[in-house]
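Visitor: Below is a structure I'd like to ask you about.
The values are calculated or read from the model by the stated rules, or taken from the named source; none is laboratory data. All figures in this text were calculated on a predicted structure; none of them were measured in a lab. Every residue, glycine as well, gets a Cβ built from its backbone with ideal geometry; the counts of neighbours run over all protein chains shown. Just the protein is used for accessible areas: all its heavy atoms, side chains included, with ligands, DNA and RNA removed. Shrake-Rupley method; radii C 1.70, N 1.55, O 1.52, S 1.80 Å.
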Amino acid sequence: MGKEKIILTGDRPTGKLHIGHYVGSLKRRVELQNSGSFDKTFIFIADAQALTDNIDNPEKVRQNVIEVALDYLACGLDPEKSTIFIQSQIPELCELTFYYMDLVTVSRLQRNPTVKTEIQMRNFETSIPVGFFTYPISQAADITAFRATTVPVGEDQEPMIEQAREIVRRFNYIYGETLVEPEILLPDNAACLRLPGTDGKAKMSKSLGNCIYLAEEADEIQKKVMSMFTDPDHLRVQDPGKIEGNTVFTYLDAFCRPEHFERYLPDYPNLNELKAHYQRGGLGDVKVKRFLNSIMQEELEPIRNRRKEFEKDIPAIYEMLRKGCEVARAAAADTLSDVRKAMKINYFDDAELINEQVKRFNK
Ligand code: TRP
């Protein structure tokens, strides 16, 4: 025990998953799941966390739980190899969060850069829900309840993992070695760290309408690729073009593999040559976009088709999730029993306790 390698990660069900989720995290998860290097993999749908800023919109969260589950399966997460579950169905996570709250200060939470940005984006100003403000603590519970050693996430989640590590260290320092300190696993390709929206804006977001969804139909993908943001000063084909901040090239960095050139653009040996030509001038946006479109179509078609297959049996998806929750709950309950013992709140399963107290009061 304690030496097991365990993966845990999850997503908020606030919408269908898009290709930013895919390159930033989902694709890697599937590889990790299939790598055989981990003893267990837990993947969960963070509905309780989604509610922290959607408290008046439970229907949205409910609808998206099944969307995310379908996206998971479509990408190749396999319930035979990974435990897929729903956060709210594991009450042990609330209990753990409640204890962890005593290990974190308000000012530490206020310094969390991701939460800071999110608060600004949501215009909470002074009316920040306490649950939202403290979600990094609940995220530490998500991670530690399953004794996760490895958390594959995007870079925006770095502060959460750091906070979880601090909580673990403090807990273990006070109560003795109980919890496992997790490590973050970031995408290894820089373009995948934070894939921009199709409009070139920093992040894909549903409200900006700049996402390509995993379930997107072929003609929609094409439309979105062909209208992508490039270099606004690259007006004529013969003009030299810029690669930096050019979304089409960022996407190529994330998706393009050498064999794509053989298949769709044999005039160029590799991406560097394509970039060099664009920078020199003489290469038009349309040609590069067509190339990207071919790649995106090839990558997304099997995912879309698998999703359609899974959509044919929705009750089976709920059944898969129910079983996942059962397995997850047993794992979390096991950790909670260690935690209660370490915190000395295990009054009824400590055989020694009553004897000790008898002696103390009958001296
Ligand atoms: N905050 C993550 C997101 O927005 C979701 C999440 C919740 C998570 N708990 C987690 C991710 C624990 C990794 C580990 O995508």
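Visitor: In the stretch 275-352, which chymotrypsin sites (Phe, Trp or Tyr not before Pro) are in a loop and have at most 11 other Cβ atoms within 10 Å, using DSSP for the loop call?
Guide: Details: sites: Tyr278, Phe291, Phe310, Tyr318, Tyr347, Phe348; in loops: Tyr347, Phe348.
Passing sites in the stretch 275-352 are Tyr347, Phe348.
Visitor: Kindly provide the Kirkwood hydrodynamic radius of the stretch 204-308 in Å, to one decimal, from all pairs of distinct alpha carbon atoms.
Guide: Details: mean 1/r = 0.0695 Å⁻¹.
After inverting the mean inverse Cα-Cα distance, the result is 14.4 Å.
Visitor: On a 0 to 90 degree scale, rounded to 10, what angle separates helix 351-361 from the longest Cα axis of the chain?
Guide: 40
Visitor: Computed from the mean reciprocal separation of all distinct C-alpha pairs, what Kirkwood hydrodynamic radius does the chain have, in Å? The partial results should precede the final answer.
Guide: Numbers: mean 1/r = 0.0443 Å⁻¹.
Over the chain, the inverse of the mean reciprocal pair distance is 22.6 Å.
Visitor: Using 0.36 nm times the number of residues separating His277 and Ser294, minus their current alpha carbon distance, what extension gain do you get?
Guide: On the way: separation 17, 0.36 × 17 = 6.12 nm, distance 1.96 nm.
Computed gain between His277 and Ser294 is 4.2 nm.
Visitor: May I ask you to derive the FRET efficiency for Ser35 and Glu183 from their Cβ-Cβ distance with R0 = 22 Å, giving the value to the nearest 0.05? The partial results should precede the final answer.
Guide: Working: r = 16 Å, r/R0 = 0.72.
The computed FRET efficiency comes out at 0.90.
Visitor: If each of Asp102 and Ser127 carries a label point 7 Å out from its Cα toward its Cβ, how far apart are those two points in nm?
Guide: 3.3
Visitor: Something else now. Which angle between 0 and 90 degrees, to the nearest 10, do you get for helix 158-175 versus the longest principal axis of the chain when only C-alpha atoms count?
Guide: That helix lies at roughly 20 degrees to the long axis.
Visitor: Report, by chain and number, residues whose modeled amide H sits under 5 Å from the one on Gly200, excluding near sequence neighbours (fewer than 5 apart, same chain).
Guide: Phe229
Visitor: Tally up the carbon and sulfur contribution to the accessible surface of the chain as a whole percent, 1.4 Å probe, everything protein left in place.
Guide: 52
Visitor: Then there's this: Within the stretch 155-263, list the chymotrypsin sites (Phe, Trp or Tyr not before Pro) lying in a DSSP loop whose Cβ has at most 16 other Cβ atoms in a 10 Å radius.
Guide: Passing both the DSSP loop test and the Cβ count: no residue.
Visitor: Shifting gears a bit: Give the distance, in whole Å, between the Cα centre of the stretch 135-203 and the Cα centre of the stretch 206-236.
Guide: Rounded to whole Å, the Cα centres lie 30 Å apart.
Visitor: Using packing as a proxy for protection, rank 49-55, 108-114 so that the peptide with the highest average count of other Cβ atoms within 10 Å comes first. Mind showing how you got there, number by number?
Guide: Numbers: 49-55: 20.1, 108-114: 14.0.
Sorting 49-55, 108-114 by mean packing, highest first, produces 49-55, 108-114.
Visitor: Another question, if that's okay. Rounded to the nearest 10 Å², what accessible area does Cys75 have for a 1.4 Å probe in the complete protein model?
Guide: 10
Visitor: Where does the stretch 286-358 land on Rg/Rh, using Cα atoms and the Kirkwood Rh? Before the final figure, lay out each step's value.
Guide: On the way: Rg = 25.8 Å, Rh = 17.5 Å.
Reported Rg/Rh, Kirkwood definition of Rh: 1.47.
Visitor: Top mean-square fluctuation among Ile90, Ile43, Ile119, Gaussian network model of the chain, C-alpha springs under 10 Å?
Guide: It is Ile119.
Visitor: HN-Hα J couplings of the stretch 97-113 from phi, Karplus 6.51/-1.76/1.60, θ = phi - 60°, integer Hz, Gly and Pro as x?
Guide: After applying 6.51 cos²θ - 1.76 cosθ + 1.60, I find 4, 4, 6, 5, 4, 7, 9, 10, 8, 4, 5, 5, 5, 5, 7, 5, x Hz.
Visitor: Mind checking the per residue accessible area of the chain for me, 1.4 Å probe, whole number of Å²? Mind showing how you got there, number by number?
Guide: Numbers: 18460 Å² over 363 residues.
Result: 51 Å² of accessible area for each residue.
Visitor: Sticking with this structure for a sec: When the distances between all Cα atoms of the stretch 143-235 are binned every 5 Å from zero, what whole-number percent does each bin get?
Guide: 2, 12, 15, 16, 12, 11, 9, 8, 7, 4, 3, 1, 0
Visitor: Kindly report, to the nearest 10 Å², the accessible surface of Glu95 as traced by a 1.4 Å probe over protein heavy atoms only.
Guide: 50
Visitor: Further question: Determine the relative contact order of the chain: mean sequence separation of Cα pairs under 8 Å and six or more apart, normalised by residue count, in whole percent. Intermediate values should be presented prior to the final figure.
Guide: Values: 520 pairs, mean separation 76.1, N = 363.
For the chain, the relative contact order is 21 percent.
Visitor: Long-range amide H contacts for His18: which residues qualify at under 5 Å (H placed 1.01 Å from N, peptide plane, sequence gap of 5 or more or a different chain)?
Guide: Counting only residues 5 or more places away or on other chains, the set is Leu214.
Visitor: As a quick test, which of the pairs Lys287/Lys312; Lys16/Lys323; Lys60/Lys344; Lys3/Lys323; Lys81/Lys203 have an alpha carbon distance above 29 angstrom in this structure?
Guide: Values: Lys287/Lys312 38 Å; Lys16/Lys323 23 Å; Lys60/Lys344 40 Å; Lys3/Lys323 26 Å; Lys81/Lys203 31 Å.
Where the Cα-Cα span goes over 29 Å, the pairs concerned are Lys287/Lys312; Lys60/Lys344; Lys81/Lys203.
Visitor: The stretch 46-87: D in µm²/s via Stokes-Einstein (Kirkwood Rh, Cα pairs, 4 °C, 1.567 mPa s)? Show your work: numbers first, answer last.
Guide: Values: Rh = 11.1 Å.
Stokes-Einstein gives a translational diffusion coefficient of 116 µm²/s.
Visitor: Follow-up. Using all C-alpha to C-alpha distances in the stretch 70-163, build P(r) with 5 Å bins and read off the rounded percent in each one.
Guide: 2, 11, 20, 20, 20, 14, 8, 4, 1, 0
Visitor: Full extension from Tyr268 to Glu352: what is 0.36 nm times the residue separation minus their Cα-Cα distance, to one decimal in nm? The partial results should precede the final answer.
Guide: On the way: separation 84, 0.36 × 84 = 30.24 nm, distance 7.48 nm.
22.8 nm is the gain from fully extending Tyr268 to Glu352.
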